[in-house]
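Chemist: Before anything else, here's the structure in question.
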Amino acid sequence: MILRLATRSLMARALTVGLTVLAIALSVALFLGIEKVRTGARASFADTISGTDLIVGARSGSVQLLLYSVFRIGNATNNVTWDSYQDIAARPEVDWIVPISLGDSHRQFRVMGTTPAFFDRYKYRGDRDLVIGEGAGLNDLYDAVIGADVAQALGYAVGDAIVVSHGVASFTDHDDQPFRVAGIVEKTGTPVDRTVIVSLEAIEAIHVDWQQGGVALGGPAGPATPVETIRAMDLTPSAITAALVGVDQRTQIFGLQRWVNDYSQEPLLAVLPGVALQELWQIVGVAETALVAVSGMVVVTALLGMMAMILSSLNERRREMAIWRAMGARPATILSLLVLEAVVMAALGAILGFMLLYAGLWIAQPLFDAAFGLWLPIAAPHAQEFAVLGAVVLAAAVASLVPALRAYRLSLADGMMVKI
Amino acid sequence: MTDPALALTDLRFAWPGRDGFALRCPDFALGQGETVLLLGESGSGKSTLLSLICGIVAAGPGQVRIGGTDLGALRAGARDRFRAEGIGVIFQQFNLLPYASVADNILLPLRFAPQRRARAAKGGCVMAEVQRLCAAIGLPDDIVTRPAGRLSVGQQQRVAVVRALIGQPPLIVADEPTSALDAATQDAFLALLFGQLRAAGAALLMVSHDERLAPRFDRTVHLRDIVTTPRVAA
């Protein structure tokens, strides 16, 4: 009966109570949403690459190497010579090695040159393989396999011709050597979705007439080297951007890493993807903590708002308290009534916040995916989220003790007869 | 000899920190089933006296005995329970929780008074008793489900009477329950109140400043005759 009366009392003040509940709901949705994005981003990053034991590139920072080679964020400081690549490939510990060559782009998407082995060796989310949903892999020199997002964003189908631009965000196109979309990789939720994959030889081919990052004499202004001539050329690259390496036995990883890092012919860097990710989290961790702290403060602010709302309503409710007292309610009942109201408001806010969160996720999921390549999973809520909701309700109960204790004292001092 | 419904003996009380307002009542008694009109002007200590009688504030020296029980001997929680069990209260106005239904308002004191609830349920279920009392005091059948805030003042006062009478508490305390009603409604209201009071056998202590009500009561007492309100140094 007391719960029913508390609920009715709240309903009678629907506007202020509604706004308070909404404030709590938004703060809860924000707090949980940030947590979702945070864990989603981590999971998405962690799921991007698996099965690769080492990433080798020019010596720079391990995080930078990871970012440009796997996530296509930023650029390499230098290349790895083909000779060094061959030396690494020849090591007895190496089970497989896949070269990647970056630097060109198609519209807003990066172009990556690699070998067909990439499709066999690249794994994501546990041990999943890339699946070419439509078309086939790289068979011809001018074949391109595009990621699902590339196909969707640019409306490409198998057989369409595409022209690769030189560099990233450049105005110079390799329009003398158009590619053909040979296949489309099924959605993976990784940067592969936003990549145009061509063969390593193709990268070499489109740069035949280019020198030092520019069009050489005899380039577009003069007669370009005929495609037939190019096809007949030895298109072994002189350098690549990075290489993904798998070892025979996991115990050999550190030995090989040391060997690469000590390689005397060229300054190279080998990193373990998992370790580099950990380093990345250490850097990002501070910002994450700040973000969680700020969203936590928003929840606290909403609860303080609720406390102020209850406090300001106390004066006009003294008559109501006097009725409760006259009917035999103890001051402790008055106290628990107000705490109960706060708990009901916080619980409603928490539930509404939860619903807002999932509605928001549902709406934001494709947007996040398109904008950041971040796939936020809409999964069943886990225990931690329920714990957060419980903590919000508990905090509301504690916060409501301030107005509740005031009501307790008022009801003792007022006696039965409040004159209004 | 049965104990009086209410007995005040050498009662003294001072509100802490309120301009030194104090109240003394050397001797006053109300018999079982007796109806007494207590006449007094505003500021004469009526509200304080009623709070003391109901045990909402604890008296200092002296005694408040209700049906033989000394309220001063009870702890605060027990006093609240005792009030719920033994005293029906009717205010001047704003008697009801406006957001609650009429039924919830009537049942509210029973929530804190299990014995009174058991008495109310004797004739069947509690709701049957609520319906019976509502009908007896002239309230429509469908009123119990309506929110109290939507009733007219006269209806609200009658609901307050039903709430005071349910479960037959031996003492009804009323604080100018007719002052918010017009003359015609006042008369009808009092007739219904007294009718139900006699049926329940409860004693009534009604505070008012309206002497015209006196003929309905067994006895009329002027507050100034039983209570002094000396101003003590703050």
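The values are calculated or read from the model by the stated rules, or taken from the named source; none is laboratory data. On a predicted model such as this, the values are computed, not experimentally measured, just so you know. Quick reminder, even Gly has a Cβ in these numbers, built from the backbone with ideal geometry, and neighbours come from all protein chains shown. Areas reflect the complete protein model, heavy atoms only, side chains present, ligands, DNA and RNA absent. Shrake-Rupley method; radii C 1.70, N 1.55, O 1.52, S 1.80 Å.
Chemist: If you restrict to DSSP beta bridges whose two residues both lie in the range B:6-226, what percentage is antiparallel, to the nearest 5?
Modeler: Looking only at bridges with both residues in the range B:6-226, the antiparallel portion is about 45 percent.
Chemist: What are the DSSP H helices in chain A that stretch 30 Å or more along their long axis, judged by alpha-carbon atoms, and whose average Kyte-Doolittle hydropathy comes to at least -1.0?
Modeler: A:14-48, A:273-314, A:331-372, A:383-414
Chemist: In what order, largest first, do A:Lys123, A:Lys187, B:Lys122 sit by accessible area if the probe radius is 1.4 Å?
Modeler: Output order, biggest surface exposure first: B:Lys122, A:Lys187, A:Lys123.
Chemist: At 1.4 Å probe size, put A:Thr289, A:Thr195 in order of accessible surface, largest to smallest.
Modeler: Order by accessible area, largest first: A:Thr289, A:Thr195.
Chemist: Computed over the Cα atoms of the range A:54-271, what is the convex hull's projected area averaged over all directions, in nm²?
Modeler: Quarter of the Cα hull surface area: 12.1 nm².
Chemist: Still on this structure, please answer the following. Could you tell me which residue out of A:Gly113, A:Asn315, A:Val298 lies farthest along the dipole of the protein assembly as shown toward its positive end? Charges go on the beta carbon: Lys and Arg +1, Asp and Glu -1, centred on the Cα centre.
Modeler: The Cα lying farthest towards the positive end belongs to A:Asn315.
Chemist: Positive end of the charge dipole of chain A (Lys, Arg +1 and Asp, Glu -1 on Cβ, about the Cα centre): tell me which of A:Ile100, A:Leu338, A:Val245 has its Cα farthest that way.
Modeler: Working it through, the farthest residue towards the positive pole turns out to be A:Leu338.
Chemist: Relative to the compact globular guide of 2.2 N^0.38 Å, what is the alpha carbon radius of gyration of chain B, as a ratio?
Modeler: 1.00
Chemist: Sticking with this structure for a sec: Sum up the charges of everything whose Cβ sits under 15 Å from the Cβ of A:Asp104, counting Lys and Arg as +1 and Asp and Glu as -1, but leave A:Asp104 out. It would help to have the intermediate numbers written out before the result.
Modeler: Values: positive: A:Arg72, A:Arg107, A:Arg110, A:Arg194; negative: A:Asp173, A:Asp175, A:Asp176, A:Glu201, A:Glu204, A:Asp209.
Local net charge: -2.
Chemist: While we're on this one: Could you work out the Kirkwood radius for the range A:286-334, taking every pair of different alpha carbons, averaging 1/r and inverting it, reported in Å?
Modeler: 13.4 Å
Chemist: Rounded to the nearest 5, what % of DSSP beta bridges with both residues in the protein assembly as shown are antiparallel?
Modeler: Antiparallel: roughly 65 percent of the beta bridges in the protein assembly as shown.
Chemist: Also: Binning at 10 angstrom from zero up to the longest distance, how are the C-alpha pair distances of the range A:255-331 distributed in percent?
Modeler: Taking all Cα pairs of the range A:255-331, the binned fractions are 15, 17, 15, 13, 11, 10, 8, 7, 4, 0 percent.
Chemist: If you don't mind, another one. Report, in debye and to the nearest 20, how large the dipole of the protein assembly as shown comes out about its Cα centre when Lys and Arg carry +1 and Asp and Glu carry -1 on their Cβ.
Modeler: Result for the protein assembly as shown is approximately 5020 debye, rounded to the nearest 20.
Chemist: Return the Cα extents of the range A:223-381 along principal axes one, two and three, sorted largest first, each rounded to a whole Å.
Modeler: 101, 45, 26
Chemist: Hey, another quick one. If B:Phe189, A:Phe368 are ordered by their accessible area, calculated over protein heavy atoms with a 1.4 Å probe, which sequence runs from highest to lowest?
Modeler: Descending order: A:Phe368, B:Phe189.
Chemist: Grab the DSSP H runs of the protein assembly as shown that are 4 residues or longer, score each as -39,500 (n - 2.57), total them, divide by all residues and round the 222 nm result to the nearest 500 deg cm²/dmol. Write down the numbers at each step before the final one.
Modeler: Numbers: 21 runs with 304 residues, N = 654.
After summing the helix terms and dividing by the residues of the protein assembly as shown, the value is -15000 deg cm²/dmol.
Chemist: When N is the residue count of the range B:1-77, what does its C-alpha Rg come to as a fraction of 2.2 N^0.38 Å?
Modeler: On the way: Rg = 12.6 Å, N = 77, 2.2 N^0.38 = 11.5 Å.
In units of the globular-protein estimate, the range B:1-77 measures up at 1.10.
Chemist: Separate question: Using alpha-carbon positions, what is the distance between the centroids of the range A:141-179 and the range B:170-201, in Å?
Modeler: Using only Cα atoms to place each centre, the spacing works out to 92 Å.
Chemist: Among A:His174, A:Tyr85, A:Leu269, which residue has its Cα furthest toward the positive end of the charge dipole of chain A, with +1 on Lys/Arg Cβ and -1 on Asp/Glu Cβ?
Modeler: Among A:His174, A:Tyr85, A:Leu269, the one farthest towards the positive end of the dipole of chain A is A:Leu269.
Chemist: How much accessible surface area, in Å² rounded to 10, belongs to the heavy atoms of A:Thr251 with a 1.4 Å probe?
Modeler: 120 Å²
Chemist: Let me ask something else. Add +1 for every Lys or Arg and -1 for every Asp or Glu among the other residues with Cβ under 12 Å from the Cβ of A:Ile73, and state the total.
Modeler: My count for the surroundings of A:Ile73 gives +3.
Chemist: To continue, here is another question. So, with +1 on the Cβ of K and R and -1 on the Cβ of D and E, and no other charges, what is the size of the charge dipole of the range A:1-75 about its Cα centre, to the nearest 20 debye?
Modeler: Charge dipole, the range A:1-75, about its Cα centre: 380 debye, nearest 20.
Chemist: Rounded to whole Å and ordered largest first, report the semi-axes of the equivalent ellipsoid of the range A:51-124 derived from its Cα gyration tensor (root of 5λ).
Modeler: Values: eigenvalues 82, 46, 31 Å².
Ellipsoid half-lengths, sorted descending, are 20, 15, 12 Å.
Chemist: From the alpha carbon gyration tensor of the range A:1-49, can you work out the equivalent ellipsoid semi-axes (sqrt of 5 times each eigenvalue) and give them in Å, largest to smallest?
Modeler: Output for the range A:1-49: semi-axes of 39, 11, 5 Å.
Chemist: Right, here's the next one. Which value, in debye to the nearest 20, gives the size of the charge dipole of the range B:6-226 about its Cα centre, when Lys and Arg are +1 and Asp and Glu are -1 at the Cβ?
Modeler: Its charge dipole is roughly 660 debye.
Chemist: Can you tell me, using C-alpha contacts under 8 Å and at least 6 residues apart, the relative contact order of chain B as a whole percent?
Modeler: With pairs under 8 Å counted, the relative contact order is 33 percent.
Chemist: Using only Cα atoms, what Kirkwood radius does the protein assembly as shown have, in angstroms?
Modeler: About 31.8 Å, per the Kirkwood formula over Cα pairs.
Chemist: With contacts defined as alpha carbon pairs under 8 Å and 6 or more residues apart, what's the relative contact order of the range A:54-271 in percent?
Modeler: About 32 percent, as a whole number.
Chemist: To continue, here is another question. Quick check on the range B:72-149: what does the Kirkwood estimate of hydrodynamic radius come out to from the alpha carbon pairs, in Å?
Modeler: 13.6 Å
Chemist: On the full set of protein chains, 1.4 Å probe, figure out the accessible area of A:Tyr85 and give it in Å² to the nearest 10.
Modeler: 20 Å²
Chemist: Round to the nearest 10 and report in Å² the accessible area of A:His106, as given by a 1.4 Å probe over the protein chains' heavy atoms.
Modeler: 10 Å²
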